[in-house]
Every structure is written in C-alpha cells, then in structure tokens.
C-alpha cells in the first residue's frame, strides 16, 4: 500500500511538471556597485530555481526549471570583475546557467513577483572583496580576450547526431539467405542517414564506424561522448528464424532498470561522473549531491529519448512496416549512456523475406533513413540545445498570438515580455486597435 501511495505521489508530481508552462527569460540587466555584480533576469512568469558553487575553476551554477533555452544575447555578453563569462545548456525540462567566476566569490539569489509595473524577476548578487578584485582585475581582462568570448557571445554550433551501425568486423550480426549480413545492411542505411543530416543546415551526422570494423559496445557511446554528440542512434536488424512471418521495425529507449544500474556503476568512477555533467565539472561535492546531479542527467536523457523516439516511430510508420507502433524500453548495453539521449532502431527482420527485400533495396533504404532523420530533427526543432544554429533560428522566429476577448495591445506586450512598440512594428500596426481572433506576431526579446 505504501508503494502505491508513493507511486501516486510521484505521478502527481510528474503531472504537475508536465502541465507547467515554459518560462521565458525575456531580458537580462546587470549593474556593479560597491564591489557587487547584480544580475537581474526578467521572466515571463515565476520560476523555480536552485544554485550552487563549484571550484577548480570557480563557477556559480543556476538551474532554472521549465525554462526555455531561448536566452537574450545580453546574458552571454556579461562581464565584470567577478564574472568572466556565461554558458548555458538544456538541463532536464529547463536550462542550466554557468557563470565562470574570477575568484571564490559568494552569491545570493532571490525572486521578485511581477506586478502591473514590472515582470517576474530572478536577482543574482555576486559579491567580491574590492582588494581581491583589484588583484584579480588583470586576470579578468585577460579572460575577456577573444580566446574565451567567442564561445559564449557567438554560439552557433551544429547539433551532432552520432549514428551507430550495429555489429561489424568479426561480428556479422543476423544473417539472411543469400549471404546477406546485418552488419552490411545497417552500415548502408547508416551512411544514408549521415548524408541526410549533413545536407541539413544546423545538423551534422557522424558514424561510430564507416567501414567493416568491430567496435565494442561500450566504446560506441564513448565515441559519441568524445564527439560531443547531442544524440545517439544505433541501427540494427532483427532475426527470428522460429517464425519467419514476424516482420517490421521497432524503436527502443533505455529502460529505467537499465538506467538505475548504470547510474550506480558510473557513480563508482569519479572521473566518469564528472564527464557526465555536460561540461560542468561536479567538483568536490558530496556523494548525495553527486548522485542527485547524475540522476538528473539520466532522467533528462531518457525523457528526450522517449520524446524523440515517438517522433521517429511516427515517421517510420509512414514508409516502413512496423513490428511495434509504440516506443519500447529495454536494457540494451549500447543505450547505457546516462548523459546522451539515445535510441536503438530495429529496421526489420532478416528472417522475413519481405523485410529482407525492403532493407536491401536502395530506394527503401533512402526512405527509412529519411524517416529516421525527420523524426530526430522534429524533436530538435521543437527543443533545440542552447547555443546551436537551430536554436538561433528558432529564437529569430516570432511567436504567434491570437487575440481573445479583453485583450489590449499593451497587456499582450506585458504578458509576452516585450513592448507595445515592438509588437506594432512586427505587425505593421498604425494604431493600438486590435480585434478578437486577430493573429499577431510576438517578437522575441
């Protein structure tokens, strides 16, 4: 009974999180006074946050829950006696901000509720001893040199998809009549899938193997991590000789059981636990906090995997026969990467004659590669990682708003964290008059 109550509480918590609207950081302001840098983040609505400090080097980390990665450029331009630079990345359903500090400066944070005159705000105060600041000033000036600034002020990287053709080398995988081997079939489709991503601006495909070579399962995810991959997709073809009528593809994400045991294994190795933090060293934190941070990474990876997997299934169903039309979760070794969202795609059964014909036909290979690409791209276009080309394109597009009864142009502007003048410019309005049902473009901050 206690387990049922605990499970119900967990589901209610999750449901509340899913229902929560995404917060937008609409503007960022900073001031320096009496040796303290104050950073004010203006928000579209109230936000839940947590902050902590890391050393070696010194950093202030701020996690904003349920927050968009569409961040104002002024945030990344921030520089002061205490702050050398700012980085950001998607973290769970929100965003993680990392402030690189010039020293071991204390900080405090608090929120201010919005009212008719001002929006919701998160205020960060980073204090510094003037004596320490004066000594550190040359270091700060050096850190602001072009070697560091381009990383945060000109963020425009590609989204990297690591494509893993299963088996290879001494491991042929499943076999079909006529000498057809799984390792050859999946390599051919993997090459086509890589070409699909490479043709798309803002994306880059990479292969764990480009030829007939054997790669251990654990090494495959290591290659993805070394390439700073945003997503990992492993391609396979199944076989069930006992019943050759079984056919169709399937898509798998890591099971929670697999994630739990993998977390325990990775926690035993400090250097790996550090490596799992999306570039943010966990530092000298205690084991409980380390476990919390790593579990957040696992939860985020599985959530993204499931969302992307649903889109891949939807796309594949339109061009290929599917054995299962819903996402499955299993404890595949190749998916055991707590820090990288991943999917295993079974393309079909080499024990089924029709599947063999389809999987070895170049035109059908093109179709299934394009379908997998569309599914993954669909996810990333809706939730792009921060500081990517896709993220910049999304931020450049105006939001759409439909006028409802009681709306005024000034109220719409305030609600969306912009100005009345900006909305009028974006929509070519000569006055403040609007009508119910009218569609307005809301310019992004």
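Looking at the structure I just gave you, is residue 318 part of a loop (DSSP other than H, G, I, E, B) and not assigned by TED's automatic domain parsing to the domain that holds residue 94? Lay out the reasoning, then the answer.
Values: part of a loop (DSSP other than H, G, I, E, B): yes; not assigned by TED's automatic domain parsing to the domain that holds residue 94: yes.
Yes.
Matching residues to (1) at pLDDT 85 or above; (2) closer than 24 Å to residue 114 by Cα:
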{"position": "403", "(1), (2)": "yes, yes"}
{"position": "407", "(1), (2)": "yes, yes"}
{"position": "414", "(1), (2)": "no, yes"}
{"position": "421", "(1), (2)": "yes, yes"}
{"position": "426", "(1), (2)": "no, no"}
{"position": "431", "(1), (2)": "yes, no"}
{"position": "436", "(1), (2)": "yes, no"}
{"position": "439", "(1), (2)": "yes, no"}
{"position": "445", "(1), (2)": "no, yes"}
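Taking the options 114, 92, name whichever one is at pLDDT below 85 and at positive phi. Working first, answer last.
Details: 114 fails: at positive phi.
Among 114, 92, only 92 is at pLDDT below 85 and at positive phi.
Test residue 56 against the criterion of being outside any helix (DSSP H, G or I), loosely packed, with under 14 Cβ neighbours inside 10 Å and either at pLDDT 85 or above or at positive phi (or both), and give yes or no. So that I can check it myself, show each step before the final result.
Values: outside any helix (DSSP H, G or I): yes; loosely packed, with under 14 Cβ neighbours inside 10 Å: yes; either at pLDDT 85 or above or at positive phi (or both): yes.
Yes.
Got a sec? Which of 356, 280, 334, 285 is assigned by TED's automatic domain parsing to the domain that holds residue 249, at pLDDT 95 or above and touching a strand residue (DSSP E or B) at 6+ places or on another chain (Cβ under 9 Å)? Walk me through how you get there before you give the answer.
Working: 280 fails: at pLDDT 95 or above; 334 fails: at pLDDT 95 or above; 285 fails: at pLDDT 95 or above.
None of the others qualify; the one that does is 356.
If a residue must be touching a residue at least 40 places away in the same chain (Cβ under 8 Å), surrounded by 14 or more Cβ atoms within 10 Å (Cβ to Cβ) and not in a loop (DSSP other than H, G, I, E, B), how many such residues does the range 205-238 contain?
17
Restrict the check to the range 103-121 and report whether at least one residue is touching a helix residue (DSSP H, G or I) at 6+ places or on another chain (Cβ under 9 Å), in a strand (DSSP E or B) and either in contact (Cβ under 8 Å) with a residue 12 or more places away in the chain or not assigned by TED's automatic domain parsing to the domain that holds residue 34 (or both).
Checked against the condition, which is being touching a helix residue (DSSP H, G or I) at 6+ places or on another chain (Cβ under 9 Å), in a strand (DSSP E or B) and either in contact (Cβ under 8 Å) with a residue 12 or more places away in the chain or not assigned by TED's automatic domain parsing to the domain that holds residue 34 (or both), the range 103-121 yields no hits at all.
I need the full set of residues from the range 386-414 which are assigned to a helix (DSSP H, G or I) and without any contact (Cβ under 8 Å) to a residue 60 or more places away in the chain, in order please. Don't jump to the end; show me each part of the working.
Let us first name the residues in the range 386-414 that are assigned to a helix (DSSP H, G or I), namely 389-396, 409-414.
Selection gives 396, 409, 410, 411, 412, 413.
When you scan the range 386-398, do you find a residue that is closer than 29 Å to residue 115 by Cα and in contact with a strand residue (DSSP E or B) (Cβ under 8 Å, 6 or more places away or on another chain), even just one?
yes
Against the definition (on the phi < 0 side of the Ramachandran plot and within 21 Å of the chain's Cα centre (by Cα)), how does residue 235 come out, yes or no? If you could, list the steps in order and put the result at the bottom.
Values: on the phi < 0 side of the Ramachandran plot: yes; within 21 Å of the chain's Cα centre (by Cα): no.
It is false that residue 235 is on the phi < 0 side of the Ramachandran plot and within 21 Å of the chain's Cα centre (by Cα).
Considering only the range 163-179, state which residues are outside any loop (DSSP other than H, G, I, E, B) and out of contact with any helix residue (DSSP H, G or I) (no Cβ under 6 Å at 6 or more places or on another chain). Before the answer, list the steps.
Step one: filter the range 163-179 for residues outside any loop (DSSP other than H, G, I, E, B), giving 163-165, 168, 171, 175-176.
Correct list: 171, 175.
Say we look at the range 59-68 and pick out the residues that are under 19 Å from the mean Cα position of the chain (by Cα) and farther than 22 Å from residue 390 by Cβ; which of these is modelled with the highest pLDDT? First the steps, then the outcome.
From the range 59-68, those under 19 Å from the mean Cα position of the chain (by Cα) are 61-68; that's our starting set.
Still in the running and farther than 22 Å from residue 390 by Cβ: 61-63, 65.
Values: 61: 90, 62: 93, 63: 90, 65: 88.
If we take residues in the range 59-68 being under 19 Å from the mean Cα position of the chain (by Cα) and farther than 22 Å from residue 390 by Cβ, then 62 is modelled with the highest pLDDT.
Quick one: would you say residue 345 is in the same structural domain as residue 228 (by TED's automatic domain parsing), assigned to a strand (DSSP E or B) and touching a helix residue (DSSP H, G or I) at 6+ places or on another chain (Cβ under 7 Å)?
Details: in the same structural domain as residue 228 (by TED's automatic domain parsing): yes; assigned to a strand (DSSP E or B): yes; touching a helix residue (DSSP H, G or I) at 6+ places or on another chain (Cβ under 7 Å): yes.
Spelling it out, residue 345 is indeed in the same structural domain as residue 228 (by TED's automatic domain parsing), assigned to a strand (DSSP E or B) and touching a helix residue (DSSP H, G or I) at 6+ places or on another chain (Cβ under 7 Å).
Among (1) buried (at least 16 other Cβ atoms within 10 Å of the Cβ); (2) free of Cβ contacts under 8 Å to residues at least 12 places away in the same chain, where does residue 361 come up short?
For residue 361, the failing item is (1).
The values are calculated or read from the model by the stated rules, or taken from the named source; none is laboratory data. Bear in mind the structure is a predicted one, so any value in this text is a computation, not a measurement. Here the Cβ is made from the backbone with ideal geometry for all residues, glycine too, and neighbour counts use every protein chain on show.
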